[in-house]
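Report on the following structure.
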Amino acid sequence: MHDSNPPFALARACRPTRTAVLAIFIVGLAAPGFAQGTRADYQRAESLQRLYRDKLRPFRPALRWLPSGRGLWWRERTGPDAGFVLANAETGELERATDPKALGLDGETGPRSLKPLRRWERSRAGGDRTSIEFHNRLEQRVRIFWVEPSGRLRAYGEVPPDERRELSTYVGHSWVVDVAPNDLVGVFRAAPGKGIAVLDEASRRAARAPRDGADGDERRLPRLVFRDHNAVLVTSEGEVRLSSDGTEADAYRGRPYRSPDGKKVLCFQETRVETRTIPLVESSPKVGVQPKFSTIAYRKPGDPIPQRRPRLFDLEKRLRIPVDDTPFVDSYSVSRVHWSADSRFVYCLYNRRGHQQLALRAIDAETGAVRTIVDERSETFVDYSQKTWLHWLAGDHELLWMSERDGYNHLYRIDAHSGEVLAQLTKGRWLVRSVHHVDETRREITFVAMGLHEGQDPYHQHLARVGFDGSGLVALTASDGNHGDFEFSEDRALFTTRWSRVDHPFVTELRRVRDGSLVCELGRDDDTALRDAGFVAPERFVAKGRDGKTDIHGILIRPSNFDAQKRYPVIEAIYAGPHGHHVPKSFGIGIRQRRLAELGFVVVQIDGMGTNWRSKAFHDVCWQNLADAGLPDRIAWLRAAAKQHPELDLTRVGIYGGSAGGQNALAALLHHGDFYAAAAADCGCHDNRMDKIWWNEAWMGTLGPHYAENSNVTHAAKLQGKLLLTVGELDKNVDPASTLQVVDALIRAGKDFEFYLVPGAGHGIGEGPYLFRRRQDFFVRALHGVEPRR
C-alpha cells in the first residue's frame with residue numbers, strides 16, 4: 001500500500017512543546033524535467049542485488065608454495081582450464097596440465113603440515129575457504145576451539161586420542177586446542193589448501209612457550225598472587241604479604257610481570273572508580289507486554305577512570321622497591337609492559353589523558369628510578385588508537401617506534417637507554433600504514449605504505465622494505481591500485497598480493513621480495529558478466545579542498561539508466577570519523593548506495609580534511625572541531641565535480657550518515673544549510689559529551705567548552721532544510737539520548753523534522769529494511785519533490 005505521509009501524526013512545531021512530536025512538513029520542490037522515484041525505479045533498485053549476484057567471477061584459488069623458490073601452484077577445478085597450474089618463478093610463465101606429474105608436482109599436491117604457533121590471535125576475515133585436519137597424537141582427548149574475530153572462543157567438538165577430525169574453515173582463521181581450561185596443546189592458523197594440525201608434544205611446547213614479559217610457568221615458586229586487594233608472595237614455605245596499602249578502592253590487581261631472571265616482578269595498583277551507566281528501555285519486549293528497563297556501563301568524556309601505578313617487588317629479598325607515581329599520574333592507560341633481557345629495566349607505555357603525550361618509561365629494577373626513553377607529544381593529539389607501534393630488537397638495546405613527529409607517520413630506530421634517535425627509517429610526504437615483518441637478521445623491515453607512488457591515489461596501500469639505518473628503500477608493489485593479502489613463500493623470496501581499485505577488479509600477482517619486480521600475473525577477477533548486467537563502476541574524482549591546494553578524493557555513483565543530458569540531485573553518503581578514511585579504495589558492488597542512486601540520484605562519497613591517513617596537518621583539522629566534518633572540503637569537491645559534470649544539480653543536495661556520520665549529516669544542515677537541502681541522520685553522536693569516552697577524547701581531548709561548541713544540540717535552532725532523524729531505543733554504541741536531546745532542542749526551537757524511534761532496535765537501525773526505505777522516500781520527496789513509488 002502506498003503511504004504518502006510519515007507513519008506518525010504530522011504537526012507543525014510552531015511553539016515549543018514537550019510532546020513526542022514526530023513530524024515534518026514536506027514542502028514540494030519544483031518537479032524535475034523527468035520522472036524519478038517512481039514505482040518502476042524502486043523495483044529496479046530492489047532488483048540490483050539479485051541482478052548482480054554471482055556475476056563477478058573471482059580468481060581466488062588456494063595457492064600453494066613450492067620449495068626452493070620454484071614458485072607456486074594451484075588447481076583450477078572448473079571451466080576450460082580445469083587442471084593444475086604452475087607459476088614458474090624462473091621463467092615467469094604459467095604452465096598448465098591435467099596431470100600434476102607433468103608439471104613436476106608429484107608429491108607436492110597433498111595436504112601440508114601447519115606450523116604450531118606460540119600464541120593465538122583473533123581470526124582474520126576475508127580469506128578463502130580451506131580446511132584443517134586435526135591429528136591427535138596425544139594420550140588425552142582434546143577440545144577444539146575457533147577464535148572468532150572478536151577474540152571469543154567457540155567450541156567445535158573433541159578429538160579422541162589417535163583419531164583425526166577435519167573441519168572447514170577460511171584462510172587466516174585461528175584455532176586453539178586444549179585438554180582442559182588453561183591447558184593448551186596446540187595453536188594453529190589456517191593456510192591456503194588443506195592443512196594438517198598435528199597435536200603432539202611439540203605443539204604442546206609451542207602453545208605453552210612464555211610470551212614476552214610473561215611469567216613463563218606461573219605455577220613455579222616463588223610467585224606473586226593477589227589476595228584481599230594486596231600482593232602476596234607464595235613460596236614453598238608458605239605465604240608472605242608484600243603489601244598492606246591495598247584496599248577495595250585501590251587494589252593490587254591484573255597480571256604480574258616477572259623478570260627474565262625470575263628475581264623481580266612488576267604489577268599494578270589500580271584505583272576503582274564508579275562507572276557511569278546509561279538507561280535503556282525496551283518498550284516492546286518479545287516476551288510479555290510490560291516495558292523492560294536495563295542499564296549498561298558506559299563511560300563518557302570527562303568521567304573518572306581507574307589510575308594504574310606500577311609496583312615493583314624483589315622476590316628474593318621479599319620487599320617492595322619504591323617507584324615514583326608522578327610519571328604515571330593522570331593516565332588514560334599504562335600498558336605494553338616489557339622486561340629487558342638482562343632484567344635490569346622494565347618498560348611501560350604511558351598515555352596521558354587527553355592524548356597529547358605518549359611516553360615510554362623505563363623503571364630501574366634495582367632502584368625503582370623512572371626515566372623517559374621516548375616522549376611523544378603533540379599540541380593537538382597523538383593518534384594512539386591507530387598509530388601506536390613499537391618493536392623491541394634482540395638484546396633490548398634498541399627499539400623500533402612509529403611517530404608523526406615530522407608531519408607524516410614514519411618509523412624510527414631508538415636507543416633504548418638514551419632515547420636517542422639512531423635512524424629515521426622512513427621519511428617523505430607519504431606515510432607508513434602498518435608494519436608487516438621485522439627481519440632482525442637482515443636488519444630490514446617490511447611495511448605497508450600509503451602515498452608512496454607519486455601520481456597514484458595517496459590512499460592506495462603498497463608494500464615496501466627499508467633497512468634499519470633508513471637506507472635501501474624498495475617499493476615491492478607498483479601497480480596502480482590498493483594492495484593487500486600479502487602471502488610470502490617460506491624462504492621469503494617470493495610473495496603474492498591482490499590489488500584493485502573501485503573501478504578495477506582484483507588482480508593477483510607474484511612478485512620477488514628482492515626488488516619487488518613482477519614475476520607474473522597469476523589471474524584476475526572477471527567482471528564481464530557483471531558489466532553485461534549493467535554494472536558501471538564508480539568514477540574516481542579529485543578536486544582541491546577549502547585551501548585551494550590540498551587534493552580531496554571521492555567517488556561518484558550514478559543510476560544504471562543514467563542520461564548525461566538530464567540533471568540529477570546529489571546525495572552524499574558521509575562518515576567523517578577521524579579514526580580512518582572512508583571512501584572505498586578496493587573493488588566492490590556498493591549495493592546500498594546503488595539502490596539509492598537508482599531512484600534518480602548521483603551518490604557521492606568524499607574524504608575531507610580531518611579524516612585519517614594523510615598528513616598530520618590534514619588530520620589535525622578534526623582537533624576539538626568535529627562539527628567541521630571536512631564539510632568545507634566536501635562542498636568545494638562537489639562544486640568542482642559539477643563544473644566537470646553539469647548533470648549534477650547542486651541546488652538539490654542531500655546528505656546522510658550513521659553514528660559519527662549521523663552527527664556529520666545534521667551538522668551539514670546546521671552549519672551549511674545554504675548548500676545542503678536535506679539530511680538523514682541515524683544514531684548520531686550529536687553531542688560528544690554523550691558518547692563513549694575513548695573515541696571522543698581521542699579527537700576532542702579533555703572536557704571543556706569546545707564540547708558544547710561542537711554539539712548539534714547547541715546549534716539546533718540554526719536548522720535549515722529538511723531533516724530525518726532515526727535511532728534505535730536499545731542502541732548500546734551511541735547513547736540514544738543523544739538523538740533525543742536533539743529532538744528536544746529542535747522542538748523548543750520550533751523546527752519541523754521527521755523522527756523515528758525504533759522499538760527494540762540497536763545501533764545502525766537506519767540501514768534496516770524499513771528505515772532504509774523511509775530514507776529513500778525522504779530523499780525522493782525532499783529532492784525530487786514528488787511522492788515516492790507512484
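Values for this structure:
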{"read-out": "Gain upon complete extension [Asp245, Arg119; 0.36 nm per residue less C-alpha separation]", "value": "41.8 nm"}
{"read-out": "Directionally averaged shadow of the range 119-208, computed from the convex hull of its alpha-carbon atoms, nm²", "value": "5.0"}
{"read-out": "The chain, dipole about Cα centre (Lys/Arg Cβ +1, Asp/Glu Cβ -1), debye to the nearest 20", "value": "1380"}
{"read-out": "Gyration tensor (alpha-carbon) shape descriptor, the range 557-699, a/c threshold 1.5", "value": "prolate"}
{"read-out": "Straight-distance crosslink candidates among aspartates and glutamates, where the alpha carbon sits under 14 Å from Lys115 and sequence neighbours closer than 8 are dropped", "value": "Glu133, Asp200, Glu201, Glu490"}
{"read-out": "Computed magnitude of the charge dipole of the range 270-354 (debye, nearest 20; Cβ of K, R +1, Cβ of D, E -1)", "value": "140"}
{"read-out": "Set of lysines near Lys263 by C-alpha distance (under 22 Å), chain-local residues within fewer than 8 positions excluded", "value": "Lys317"}
{"read-out": "Gain on full stretching of the segment that runs from Thr295 to Thr702 - 0.36 nm per residue minus C-alpha separation", "value": "144.0 nm"}
{"read-out": "Given charges at Cβ of Lys, Arg, Asp, Glu: the chain dipole, positive-most of Leu400, Gly262, Gly588", "value": "Gly588"}
{"read-out": "Whole-Å distance, taken between Cα centres, linking the range 731-749 and the range 331-392", "value": "39"}
{"read-out": "DSSP beta bridge pairing in the chain, given as percent antiparallel to the nearest 5", "value": "80"}
{"read-out": "Computed P(r) (all Cα pairs; the chain; 10 Å bins; percent)", "value": "2, 11, 18, 23, 22, 15, 7, 2, 0, 0"}
{"read-out": "Virtual spin-label span in nm between Asp183 and Ser517, 7 Å along Cα→Cβ", "value": "5.6"}
{"read-out": "For the range 243-363, the spread of Cα positions along each principal axis, largest first, Å", "value": "65, 32, 26"}
{"read-out": "Environment charge of Gly657, counting only residues whose C-beta is closer than 12 Å and scoring Lys/Arg +1, Asp/Glu -1", "value": "-1"}
{"read-out": "Charge dipole of the range 119-208 about the Cα centre (unit charges at C-beta), most positive-ward option of Ala191, Ala155, Ile144", "value": "Ala191"}
{"read-out": "Gyration tensor (alpha-carbon) shape descriptor, the range 514-578, a/c threshold 1.5", "value": "oblate"}
{"read-out": "Of the GluC sites (Glu not before Pro) in the range 302-403, those whose Cβ has at most 15 other Cβ within 10 Å and which sit in DSSP loop", "value": "Glu316, Glu366, Glu379"}
{"read-out": "Cut-off under 5 Å, modelled amide H: who pairs with Thr477 long-range", "value": "Leu463"}
{"read-out": "Local electrostatic count at Lys544 - Lys and Arg +1, Asp and Glu -1, tallied over other residues with Cβ under 13 Å", "value": "+2"}
{"read-out": "Filter on Lys55/Lys732; Lys300/Lys722; Lys264/Lys732; Lys300/Lys387 - keep pairs with C-alpha separation over 32 Å", "value": "Lys55/Lys732; Lys264/Lys732"}
{"read-out": "DSSP beta bridge pairing in the range 119-208, given as percent antiparallel to the nearest 5", "value": "80"}
{"read-out": "Difference of contour (0.36 nm per residue) and Cα-Cα distance, Arg205 to Asp128", "value": "24.8 nm"}
{"read-out": "Highest-first arrangement of 338-349, 655-666, 412-423, 184-195, where packing means the average Cβ count within 10 Å", "value": "655-666, 184-195, 338-349, 412-423"}
{"read-out": "Reachable lysines, given that their alpha-carbon falls under 18 Å from the alpha-carbon of Lys643 and they are not under 8 places away in the same chain", "value": "Lys544, Lys549, Lys566"}
{"read-out": "Those GluC sites (Glu not before Pro) in the range 430-460 that DSSP places in a loop and that have at most 16 other beta carbons within 10 Å", "value": "Glu440, Glu454"}
{"read-out": "Computed label-point distance, nm, for sites Ala749 and Lys427 using a 7 Å Cα→Cβ extension", "value": "4.9"}
{"read-out": "Of the trypsin sites (Lys or Arg not before Pro) in the range 499-547, those whose Cβ has at most 12 other Cβ within 10 Å and which sit in DSSP loop", "value": "Arg514"}
{"read-out": "The range 37-133: C-alpha gyration tensor shape, a/c 1.5 cut-off, then a/b vs b/c", "value": "oblate"}
{"read-out": "Neighbourhood charge, 10 Å Cβ-Cβ cut-off, centred on Leu94 and excluding it, Lys, Arg +1 and Asp, Glu -1", "value": "-3"}
{"read-out": "Size of the range 216-299 as Cα extents on the principal axes (Å, biggest first)", "value": "61, 26, 23"}
{"read-out": "Residues whose placed amide H lies under 5 Å from that of Val142, excluding near-sequence neighbours", "value": "Val159"}
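No value in this document is a laboratory result; all are computed from the given coordinates. It should be emphasised that the depicted structure is a prediction, and the values quoted were computed from it without experimental measurement. Don't worry about glycine lacking a Cβ; one is built from the backbone with ideal geometry, like all the others, and counts go over all protein chains shown.
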